[in-house]
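For reference, the structure discussed in these notes is given below.
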There are 4 protein chains.
Amino acid sequence: MGMTAAVIGGSGYGGGELLRLLLAHPEIEIGAVAAHTNVGEDIADLHPHLPSLYGQTFVDTAAAVASGAEVIFLALPHGRSAEVAATIPTGIKVVDLGADFRLESAEAWAKAYGGAHAGTWTYGMPELPGARAAIAAAERVAAPGCYPTAVTLAYAPLVAAGVIDPSDLVTVAASGTSGAGRAAKASLLGSEVMGDVTAYKVGRHQHRPEIVQNLTKVAATGVPGPAATVRVSFTASLAPMPRGILATCTARPTGKASTDGLGADLVAGILRAYYDDEPFVTVLPAGRWPRTSATLGSNTVHLQATYDEDADRVVVVSALDNLTKGAAGQAIQCANLMLGLPETMGLPLTGLAP
Amino acid sequence: MGMTAAVIGGSGYGGGELLRLLLAHPEIEIGAVAAHTNVGEDIADLHPHLPSLYGQTFVDTAAAVASGAEVIFLALPHGRSAEVAATIPTGIKVVDLGADFRLESAEAWAKAYGGAHAGTWTYGMPELPGARAAIAAAERVAAPGCYPTAVTLAYAPLVAAGVIDPSDLVTVAASGTSGAGRAAKASLLGSEVMGDVTAYKVGRHQHRPEIVQNLTKVAATGVPGPAATVRVSFTASLAPMPRGILATCTARPTGKASTDGLGADLVAGILRAYYDDEPFVTVLPAGRWPRTSATLGSNTVHLQATYDEDADRVVVVSALDNLTKGAAGQAIQCANLMLGLPETMGLPLTGLAP
Amino acid sequence: MGMTAAVIGGSGYGGGELLRLLLAHPEIEIGAVAAHTNVGEDIADLHPHLPSLYGQTFVDTAAAVASGAEVIFLALPHGRSAEVAATIPTGIKVVDLGADFRLESAEAWAKAYGGAHAGTWTYGMPELPGARAAIAAAERVAAPGCYPTAVTLAYAPLVAAGVIDPSDLVTVAASGTSGAGRAAKASLLGSEVMGDVTAYKVGRHQHRPEIVQNLTKVAATGVPGPAATVRVSFTASLAPMPRGILATCTARPTGKASTDGLGADLVAGILRAYYDDEPFVTVLPAGRWPRTSATLGSNTVHLQATYDEDADRVVVVSALDNLTKGAAGQAIQCANLMLGLPETMGLPLTGLAP
Amino acid sequence: MGMTAAVIGGSGYGGGELLRLLLAHPEIEIGAVAAHTNVGEDIADLHPHLPSLYGQTFVDTAAAVASGAEVIFLALPHGRSAEVAATIPTGIKVVDLGADFRLESAEAWAKAYGGAHAGTWTYGMPELPGARAAIAAAERVAAPGCYPTAVTLAYAPLVAAGVIDPSDLVTVAASGTSGAGRAAKASLLGSEVMGDVTAYKVGRHQHRPEIVQNLTKVAATGVPGPAATVRVSFTASLAPMPRGILATCTARPTGKASTDGLGADLVAGILRAYYDDEPFVTVLPAGRWPRTSATLGSNTVHLQATYDEDADRVVVVSALDNLTKGAAGQAIQCANLMLGLPETMGLPLTGLAP
């Protein structure tokens, strides 16, 4: 009884978070863990917060593929998942935390990431229309990016309701430094990032096409007629904390919304109704705004919204943990669906604070 | 030789920064320092980074007013400057770091701050059109707010050039915690703010009308014809660092700009030309984006801009130290002008990093 | 089936951590939660990381006492536990996270905390000799302080083995800011603590007598003959992080140890043997030193030790989470024993990193 | 008029701090700046807090040596200074911020750093007995290490007064991450260091022999008779902040001291008398303890001391900025002396806070 998961790319932050969550999972146990340049090293040497893994060592990728796992998680840098995925036999469920299989458009892929487009897998955001069933039926799932999760879930209910204009979205999001990965770079040293907020990849962040793809689909479900054009100004910044994303998502109300009157209560109400049954989305009570610290280590997204009359803009703020709901937690949420387990199994609703 | 400054409200962060900067000022020496609830206490007990002030104690406000200073700085909470200012005799220069005298519209004041409007003083942002001469001629100057400085300086050149639509501005800014003051509040404890980014006063931040006032004036200088409507969606967030503001300022290009073609180089070029002679504004070389840490303790604003074709939005990012260029440094910059001293005297161009 | 716990003092950091852990406990559910000044407020308003508690409000202390809970946790400021404890009827298990009942000596209490000594309860550190059984049999248990847990567990094996001189211990420990509580104090503002390490209560920290009491008992178990004098120089410092204690614990080897030769391997080996069966103490592999981040949110203490020949000192370093193993986690560990549950139930062995 | 300084090793944190301080120096201007792997790059690209250096590029080491500077600062990794120093002609003053020339004993060097001992230069800590004149007369000076500065200045007055036993010193010090340098290492990523305190090089830190050398000399000046044996247990830890060292320095009082009675006032009084004329050492008023944030960017050491009767230990706490008084500031202090300038010229007494 119980299933086994292999993790390929287990030495980075996404891999470490998978291991942390799987250690607490009642039905999935950790099998082989691969890490390219760390084969033979003790897993807990790289993840000292997981002392129960002292004694287990990293294996190579081929060994992990052949380890007999029911599900394999890929937590690899962009462009590496495709070649590994090609070696995994049919019959094994695969969830990729990387970007390789998220985009449907080869052109969008090339523009965002460069190189050849590997293909498209079922997109692993269960909260989107129709996604839950698709994920449950899929053998291979591409788990969403961290920013796209925060931004898509903020806008989706309002796009679906037709109350905001999807062609005029402006988002600014701040991320903790783990989002930039574990590779040694001088620009990411603690001495550099502490006391610092900085913008990066302004006007050209690779996560934008994923947001556009998601909201285009949501718009198609919500509004009859020709496909809406989704256009989003997306600026990412790095904040001096290890984890967390706070996305400030603004939008122009549609004429329809303006005519009807669109107060803060109505906007938040649309979010509340949309996510009423979602276990991992919390629309906060009126007057409470999301803070990243409240989501630390949890698989939960916190949302709040208002309508700013002076600027005639809707503002939705979302917070999540980029490594949990933004990566490893969401990947396990998908794996639960794919394996026929309860969707919430093993995933914390509770954050760690202070 | 040399002049003397009194500081009223010397126990807070703005007051402490005034003292830090004045200690290094070649022509202005520190005279009386008042702090309401700390009269008789050692100044350096509250500001241990200023050990040369051990031995000097806080006096009361009346004593500071009567101390014979050539210039008095007010670093008081909102609503307190007006009553103190009323007791200062004509002939003494006064620079208020608070909001009381910044706004021209009593209605805007009431909406943003509540209570009676105390009046309007010369607005102390020397980089705005015509402001430098007006400040030099003024006896009383209202130093700008921290966010308005970051945001106004980001948009001003583009508004003046008529290449962005001032009625469709969307800004998201992150501030260090010193911007929230030194009063003891549980929500600002280190345990709460470390590891956390959170949005606050969404859609209703009191600094917005000041931004609108500034850009309305800039628009009037740049474009002939009827007054432009300035509308800005402004969202502030708190970042886990003591100092610094990073403002991400987006705007829709005007039809004129779109027709002409508006590349990143052109946008940055407009900023560069506008601030060519400004000692405290640095438009970074192409490809370098502002980071708050590079402005720590300096009176310098760092700017960079681009045009995002996919979103059809201009993005300007500005960074400054909220206590220096955003408060005390800018106040001393104004005082230098008012006292006939070189504008840059005693003000650091250099930040402290890492 | 299942038991119910009441928490009195649920609004602070210790109380919040109890609630976080109890939410994940398989056999204990959260009953009444009291908070003196927050009666009627939503629990999750003060603990937004616990969104599943939205809807439950704080009650007053009397209501919590009368709520029918099998176990009551007291997470109150020093000096407040005693009066509340007096109102709890016999038959209800009580675990106090405060200091009121930790010390056996009324004189030591008066010197450390001032005021009348309330009494002495069974001391809740299961890893000490004989403690586990005593806790299991007790109705009222005093959970240890955060620093005493880190320091006692570091020295205990070496004191018991007679290889260090308990009269010449020198310890310096750094704590995250949550150890200083959630009351609003200007000295604990984020602006003050970020970028700062500072020593406090030097030479007079109230946790020292608790360390002395613990090690005196350990010494008595290890060495036949007259009672050893335990003397410890203890200096605490505040580090810019929300959680975590790192204690550097040095000691002079006894003559016996020097004669025998006392290498690093031997010292670490003594620790390893002593804690071999302890679920919540991890002696790290050779060459790995404890870091507080690896213990974040876990109930685990990490230890490493060496012998420094040049200084002729043994150095033991211990790390733990001051709110978990240093407070709420250890309290639940005791409650598990008192209630006949498995000692480790509901308590994470795994930390949250990065 | 004015002198010119060359900086070799200008791309790291020590080099950057030299440039920051020299930009404000009234009599020394920045000449050639060398950085091995960054030749031709813009200095301000690596040091964006120094925007006035945009336009000046790094040169190679030979060019810097030949640049005609009156003084050359070496800010190179251990073991690199010696080879560069060998190429600098007599007549040019040289201050080395590295360790190469600090130790007098080749054996101690080999044990601490490995490799061949390059020699010994005049040791650049002006506050030590006789050092000021020696530095002023020297052509080549080895600036002290960051930890040795904090620890030596804490103990020196008490060792000189004969009131503590130099053979039984126990020190634990926490440093900000800039002390670990700017080279890209995964263990120093912001994601790793934020929220973390960890001990490193326990029992074998390379700075210990420098502390021993300093205090041995101080002991020789204070006490007639045979040379004292200095023995110090030194444990360093890394704290989550960019800058700052807090050293907790404990010592056993001598029999003489115990007999005389050694209260807190007396201990602090010894420090106060010893440093009465020192511009860069501040013994804080009674009851105030050093905090690193108060020294940020200043060349000042803050000290406080007490006698802990229960432990029979003296405790001295010192705080400084590891890059300023602990490195570049102290190096410029030495250069001022060597060049016949006022010792304090261009060096801030004031820190930056909050």
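Annotations for the structure displayed:
- Cα centroid separation, the range C:102-118 to the range A:295-310: 47 Å.
- Relative to the longest principal axis of the Cα atoms of chain B, helix B:13-23 runs at roughly 80 degrees.
- Inter-copy label distances at residue D:40 (7 Å, Cα→Cβ; nm, one decimal): 3.9, 6.8, 7.3
- Both chains summed, the buried accessible area for D and A stands near 1400 Å², from protein heavy atoms and a 1.4 Å probe.
- Rounded to 5, percent antiparallel among DSSP beta bridges of the protein assembly as shown: 50
- The mean of 1/r over all pairs of different alpha-carbon atoms in chain B, once inverted, gives a Kirkwood hydrodynamic radius of 20.6 Å.
- Sequence-distant residues sharing a close amide H with residue B:34 (under 5 Å, placed H): B:7, B:8, B:9, B:10, B:59
- Size-normalised alpha-carbon gyration radius of the range C:227-354, reference 2.2 N^0.38 Å: 1.17
- Closest-to-axis residue of chain D (Cβ criterion, axis taking D to B), whole Å: D:352, 3
- Computed label-point distance, nm, for sites residue D:110 and residue B:56 using a 7 Å Cα→Cβ extension: 5.6
- ³J(HN,Hα), Karplus 6.51/-1.76/1.60, whole Hz, each residue of the range B:242-252, x for Gly, Pro: x, 10, x, 10, 10, 10, 9, 10, 10, 8, 7
- Accessible solvent surface per residue of the range A:1-51, calculated while the other protein chains remain in place, 1.4 angstrom probe, Å²: 32
- Sorted shortest first, the distances from the residue D:83 label point to those of the same residue in the other copies are 3.6, 7.0, 7.3 nm; each point sits 7 Å from Cα along Cα-to-Cβ.
- Near residue D:281, the amide H atoms lying under 5 Å from its own belong to D:301; only residues 5 or more places off or on other chains count, and H is placed 1.01 Å from N.
- Projecting the Cα atoms of D:348, D:239, D:315 onto the dipole axis of the range D:216-354, where Lys and Arg carry +1 and Asp and Glu carry -1 at the beta carbon, places D:239 farthest toward the positive end.
- The charge dipole of the range B:147-322, taken about the Cα centre with unit charges on the Cβ atoms of Lys, Arg (+1) and Asp, Glu (-1), comes to about 600 debye, rounded to the nearest 20.
- Amide H contacts under 5 Å for residue B:167: B:231, restricted to partners 5 or more places along the chain or on a different chain, H placed in the peptide plane at 1.01 Å from N.
- Summary of the geometry: the range C:84-101 and the range C:1-69, compared by the centres of their Cα atoms, lie 16 Å apart.
- Shape call, the range B:128-198: gyration tensor on alpha carbons, a/c limit 1.5: oblate
- Peptide D:50-58 shows a mean partner chain C-beta count of 3 within 10 Å per residue C-beta.
- More than 20 Å apart - percent of Cα-Cα pairs taken over the range B:1-141: 48
- DSSP-defined beta bridges in chain C - what % are antiparallel, rounded to 5: 45
- With all protein chains in place and a 1.4 Å probe, the accessible surface of chain C carries 54 percent carbon and sulfur.
- For the range B:147-322, a/c is not less than 1.5, where a ≥ b ≥ c are the root eigenvalues of the C-alpha gyration tensor, and a/b tops b/c. That puts it in the prolate class.
- Gyration tensor (alpha-carbon) shape descriptor, the protein assembly as shown, a/c threshold 1.5: rounded
- DSSP bridge analysis restricted to the range B:147-322 gives an antiparallel fraction near 70%, rounded to the nearest 5.
- Principal-axis analysis of the Cα atoms of chain D puts helix D:146-160 at an angle of about 30° to the longest axis.
- Cβ neighbours within 10 Å from other chains - mean over A:228-241: 6
- Expected 222 nm ellipticity per residue - DSSP helices of 4 or more, -39500 (n - 2.57), all of chain D, to 500: -8000 deg cm²/dmol
- With both labels modelled 7 Å from their Cα along Cα-to-Cβ, the residue C:200 to residue C:37 distance reads 1.7 nm.
- Inter-copy separations for residue A:185, label at 7 Å along Cα-Cβ, nm, ascending: 2.0, 3.4, 4.0
- Taking the range C:3-120 and dividing mean pair separation by its residue count, relative contact order in percent (alpha carbons under 8 Å, at least six apart): 24
- Look at where the Cα atoms of the range C:238-254 and of the range D:172-207 average out, and the two centres are 15 Å apart.
- Against chain A, whose longest principal axis comes from its Cα atoms, helix A:329-338 is set at around 80 degrees.
- Set of lysines near residue C:217 by C-alpha distance (under 29 Å), chain-local residues within fewer than 8 positions excluded: C:93, C:111, C:201, C:256, C:325
The values are calculated or read from the model by the stated rules, or taken from the named source; none is laboratory data. Just so it is clear, the model here is predicted, and its values are computed rather than measured. No Cβ is skipped: glycine too gets one built from the backbone with ideal geometry, and neighbour counts run over all protein chains shown. SASA here: full protein model, heavy atoms, side chains in, ligands and nucleic acids out. Shrake-Rupley method; radii C 1.70, N 1.55, O 1.52, S 1.80 Å.
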